[in-house]
């Protein structure tokens, strides 16, 4: 599946190691796995990475960053406790994040599900940096049995010259090495942007490939990225629709992970890219054409605009769409499926018959 969620009631250190080793990462009070990510109106391959810690030594420029911070400030590593000063730093820093934004640090770590907000299923630590009594930066990481996962780094922008975001990651690594841990998981990078590539500065990373194996990062993309496969499928059917005089608009849909939640009464659209048929912009009861990668099928459906979940208020979007693709930030759910098929000609024939039936 493109996206998977797991909502355990408890996570032991060994369980966390296993999740991390299989390409999962933390999402609030749950675990999350995705193969693709929509950002900057592009569909990216998600590339999970980790740093082996055996015999690891940071390069000279990284050691200079560590020394500079330690000489100027107090650094504390301890079990995590939230506080008003951390919430304030988070509020002032969160505009730097891309994609889904939580309003508070508490929500970032606990999520919006009130039934789960009491849970503390992760063994979470923090790195805090103080200028005198002032908290100027902190990071949060989860501790497993032989692994740690970096979750979040926050800092006061007026101290940017100290590279505090990179420093806290180095401090997390040092902590992991001090207790004999094997792996450091800093999350993921994306295939078509360098926005997260700063993580690669830490050292020689491994990445989790499509064969579910870890291998050296310099061997990246020996197989076709799933994001490129989906893009090519949508582009191919768009050209075919043009031959049948069916107008369509290619749209990027960053809310597609909602379609993989197990909601009881609503089936949300799950295509990260789709074609909007006959319309120039999204409307209620619009017709969509998607490619469902798991089933290797094209699907045409009628959708409805869905309200009531408030996700769009917590997403960071660009102000201007790109010329060749639109950005859909409405929450979409399926009204009904019109036709689905792995054969494009069969799909077009069934869809044509459906349109004719509406006119008769």
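A short reminder: the numbers here are calculations on the coordinates, not readings from a lab. Since the structure is predicted, the reported quantities are computational estimates derived from the model, not experimental observations. Reconstructed Cβ throughout: ideal geometry from the backbone, glycine too, with neighbour counts over all protein chains shown.
Can you work out D for the stretch 226-359 in µm² s⁻¹ from Stokes-Einstein, where Rh is the Kirkwood radius over C-alpha pairs, the temperature is 25 °C and the viscosity is 0.890 mPa s? Diffusion coefficient, whole number: 160 µm²/s. Annotation: the residues 70, 33, sorted from fewest to most other C-beta atoms within 10 Å of their own C-beta, follow the order 70, 33.
What shape does the stretch 172-216 have by the C-alpha gyration tensor, where a ≥ b ≥ c are the square roots of the eigenvalues, rounded means a/c under 1.5, and otherwise prolate means a/b greater than b/c and oblate the rest? Oblate. Bridge orientation summary for the chain: considering DSSP beta bridges with both residues in this region, about 95 percent are antiparallel. Take each peptide in 135-146, 3-14, count the other Cβ atoms within 10 Å of every residue, and average; sorted highest first, the result is 135-146, 3-14.
Packing around the peptides 172-179, 148-155, 207-214, taken as the average count of other Cβ atoms within 10 Å per residue, puts them in this order, highest first: 148-155, 172-179, 207-214. For the stretch 9-160, the average shadow cast by the Cα convex hull is 10.7 nm², which is a quarter of the hull's surface.
Taking label points 7 Å from Cα along the Cα-to-Cβ direction, residue 346 and residue 197 give a separation of 4.3 nm.
Helical content of the chain, expressed as a calculated mean residue ellipticity at 222 nm, amounts to -7500 deg cm²/dmol (DSSP H runs of 4 or more residues, -39,500 (n - 2.57) each, divided by residue number, nearest 500).
Averaging the sequence gap over all C-alpha pairs within less than 8 Å and six or more residues apart, then dividing by the number of residues, gives the chain a relative contact order of 18 percent.
Given Cα pairs under 8 Å that are at least 6 residues apart, what percent is the relative contact order of the stretch 226-359? Let's see the in-between values first.
Details: 216 pairs, mean separation 31.3, N = 134.
RCO, the stretch 226-359: 23 percent.
Residues of the stretch 288-307 falling in the label zone of residue 266, defined by backbone nitrogen less than 15 Å from a point 7 Å along Cα to beta-carbon, are 303-307. Our Cα-only numbers for the chain put the radius of gyration and Dmax at 22.6, 80 Å. Distance between the 7 Å Cα→Cβ label points at residue 281 and residue 64: 5.1 nm.
Can you sort 25, 97 by how many other beta carbons sit within 10 Å, fewest first?
Values: 25 20, 97 14.
With the fewest neighbours first, 25, 97 line up as 97, 25.
Please arrange 218, 131 by how many other C-beta atoms lie within 10 Å of their C-beta, fewest to most.
Details: 218 8, 131 15.
Starting with the residue having the fewest Cβ neighbours, the order is 218, 131.
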